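The values are calculated or read from the model by the stated rules, or taken from the named source; none is laboratory data. Predicted, not measured: the structure shown is a model, and the values here were computed from it. Backbone-built Cβ (ideal geometry, glycine too); neighbour counts: all protein chains shown. Surface accessibility is based on the protein's heavy atoms, side chains included, excluding ligands, DNA and RNA. Shrake-Rupley method; radii C 1.70, N 1.55, O 1.52, S 1.80 Å.
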Amino acid sequence: MSHLDHGANQPESDAEQSGSAQRTRLGLVLFAVYLVLYGGFMLINVFAPQQMETTPLWGVNLAVLYGVVLILAAFGLAMLYGWLCRQK
């Protein structure tokens with residue numbers, strides 16, 4: 001099992017520390033976007049649960065559609081984060 005010595009997990013320079021801070025801010029912004037989406041889902045469930053029973057598209061109720069959107073949004077935001085973090 002050679003080549004398993006990866007060394008210390010510490011930034012080597014100030015530039016890497018700056019990049020880490022930028023990635024942290026980006027992650028928090030994307031988390032806030034998802035939090036707003038999820039908060040909307042919860043607010044509808046709490047204050048207008050009958051609204052979740054409506055069928056806006058293809059005969060599928062709003063609860064299922066919103067849930068699918070939340071899953072796709074989480075995946076999309078994760079992909080966006082990965083793509084933005086790879087940019088130089």
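Brief remarks follow.
- Computed accessible area, MET79, all protein chains, 1.4 angstrom probe, square angstrom: 110
- The stretch 26-88 - accessible surface per residue (Å², probe 1.4 Å): 75
- Heavy-atom surface analysis with a 1.4 Å probe gives the stretch 16-88 a carbon and sulfur content of 70 percent of its accessible area.
- Whether the stretch 26-73 is rounded, prolate or oblate, judged on the alpha carbon gyration tensor where a/c under 1.5 counts as rounded: oblate
- Vicinal HN-Hα couplings computed from phi for the stretch 66-72 (Karplus, 6.51 cos²θ - 1.76 cosθ + 1.60; Hz; Gly/Pro x): 5, x, 5, 4, 4, 5, 5
- Modelled spin-label separation between ALA73 and ASN45, with each label point placed 7 Å from Cα along the Cα-to-Cβ direction: 1.3 nm.
- Of LEU70, LEU77, LEU28, the order by accessible heavy-atom surface (1.4 Å probe, DNA, RNA and ligands excluded), from most exposed downward, is LEU28, LEU77, LEU70.
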